[in-house]
Each structure stands twice: as C-alpha cells, then as structure tokens.
Amino acid sequence: MNFSKNGEFDVITRVTGPHHHYLGLVLRTDSGTALAEAEDLSPSPVNAPVDWARVEQLRSEVSRGVGSANERLGTSYQASGIRFCSSDPPLKDVYRILTEELVQHVARSRDDNGAGLDTDGPTHPVHSRSES
Amino acid sequence: MSTDSADELYEEIRSTESDIQEIASHTGLKRCNLSKIKAHLFVEEHWLDSYESLGVPGEWARFDSDLRIAAAWNRLRTGNHGLADLRLLRHEAAEAWYMRRHGPSYRDAHEAAQRRFPRPDELWDQE
C-alpha cells in the first residue's frame, strides 16, 4: 500500500494487479465532525449519472473502517472529507480495509510527529509505502 | 480480507517451487508461461503509476497482496479451480506480456489487459 499526503487529505492507494483503488480522507479528532460527502476524482463524461448506492456504500465502509480502527487503536478520528475514484472497481469491503490501514498509518505518523496533534501537513504530495 | 494474512500467503507462494509443476499438471498450461505469471503477480516490482494524475507519484513496487488472489493460486495448485481462476491467469499473463513488450507502466498494461482479457470480478463477489 502506498501512503501520501495531498493538502489536508491523507491518501492510500492499493494495487494488486487485477485491481487498483484510491482513497483520500481528511481525518480529524474534533468531536462532532460529520461524515463528509464523497468526492469522485475519476475523469468521467460530463453529466455522467452519480451512482448514489455506490457512494452510500463507500461512506458506510469508511465510517465502519474509522470506527474499527479507533476501537483497535484507542483513537478518536473522524473522516470529514472523502475522495475516491468511481472508475475503480467496487469490491465489497475494500474501502473499509483501506480506511483502517490509513487511520493506522496516520495515527502512527502523528504519534511520531508529536502527541497526535492534527496538522494540515504539507500541501505538496509526500508519499511512503508499507507491505500490502 | 486481512492484509497481514494475505502477506503471509504471498510469502509462502514466493518460497514455494513446486506450484508451477502442480498448476501445469492441473491446467495443461506451459510451465514457462506459469513462471512468468507467478513472477509478475507475486515477485517482480512494477512501475505503479495509476494515480499520477491525482498527485500520487509513480513508484517501483510489488503488487499489494490479496487473499482472493492467493486463494485462487492455491486452488489452481490443487486442481480445485474454476473458470474464473483461469481467467485471472489470462488477465495477468496479458498484463505481463504488455509490460515486456511496451514498457513497465502498470496503468497502460492493466488497461490493455482489461480490454482484451477482463479480470474475473466474480472471484471477489464470493462470501
């Protein structure tokens, strides 16, 4: 998995060969943060219909992934921004797993940078990689 | 779909030498072709550039591990495979061929393979 930062979005990408997926999240620890609307970054034809069922599935998986990661890590992150590519294949549970991996990566990074403080971070992409 | 257990299965596959002969005997595919597919899926690093346009820099890396791919490979080893498992091999063979012929871009190779030999999405639909 590849981790990068683009503005306030933390981004995870996963490429397995037959599939590839992109997920960007704005992760905050403010209480009362509402789960964000999902922004589709895919190049798509003008006026292409929005697949609302897919968007709701994505938001549900992100919400479950954040909750699961928080429970495991003892953190209190919430996603206030979501970016994805609707041209990536909609595999069941893939966004939950990407979310868990991303929250874990961000939690560790922020611990390394000092006391889990939320920061806007660099505005240019910065990336790192972990196994799987 | 734990990534840790998928990583372990990929390590097992990488360290196994008998799988090529086993899959060849169950499918009738040539060992040399199966070796190329195994190297492509599990061993070699590729130029992963799918999201460069979104600000994610391309990088040389192995493919990320996936439990469904490892399971398909192991079904092929035991002869319990289905058509979808064979279609996965065909997709990956096409991707690997494209990279050898046209260069290392995963994005280009995957798109070309997907047009001619689409991945078997039903492998990931199963519970």
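What follows is calculated from the coordinates using simple rules that are stated; it is not laboratory data. Everything numeric in this text was worked out from a predicted model, so none of it was measured. Cβ: placed from backbone, ideal geometry, glycine included. Neighbour counts: every protein chain shown.
Here are a few things to note about the model shown:
- When Rg and the Kirkwood radius Rh are both evaluated on Cα atoms of the range B:3-125, their ratio Rg/Rh stands at 0.96.
- The distance separating the Cα centre of the range B:21-41 from that of the range A:46-83 comes to 39 Å.
- The trypsin sites (Lys or Arg not before Pro) of the range B:27-72 meeting both criteria, a DSSP state outside H, G, I, E and B (loop) and at most 13 other C-beta atoms within 10 angstrom of the site's C-beta, are B:LYS30.
- The mean number of Cβ atoms from other chains found within 10 Å of a Cβ in peptide B:84-95 is 1, as a whole number.
- Residue separation of B:GLU11 and B:THR78 scaled by 0.36 nm, minus their Cα-Cα distance, works out to 22.3 nm of gained length.
- Proximal lysines relative to B:LYS38, as straight alpha-carbon distance under 19 Å, when same-chain residues fewer than 8 apart are discounted: B:LYS30
- The local environment of B:PHE63, defined by Cβ-Cβ distances under 11 Å, has a net charge of -4 under the rule Lys, Arg +1 and Asp, Glu -1.
- At 1.002 mPa s and 20 °C, Stokes D of the protein assembly as shown from Kirkwood alpha-carbon radius, µm² per second: 111 µm²/s
- Residues of the range B:95-115 falling in the label zone of A:SER87, defined by backbone nitrogen less than 11 Å from a point 7 Å along Cα to beta-carbon, are B:108, B:111.
- Neighbouring partner chain Cβ atoms per residue of B:62-72, average, 10 Å criterion: 4
- The ellipsoid equivalent to the alpha-carbon distribution of the range B:1-72 has semi-axes of 26, 15, 10 angstrom, derived from the gyration tensor eigenvalues as √(5λ) and listed largest first.
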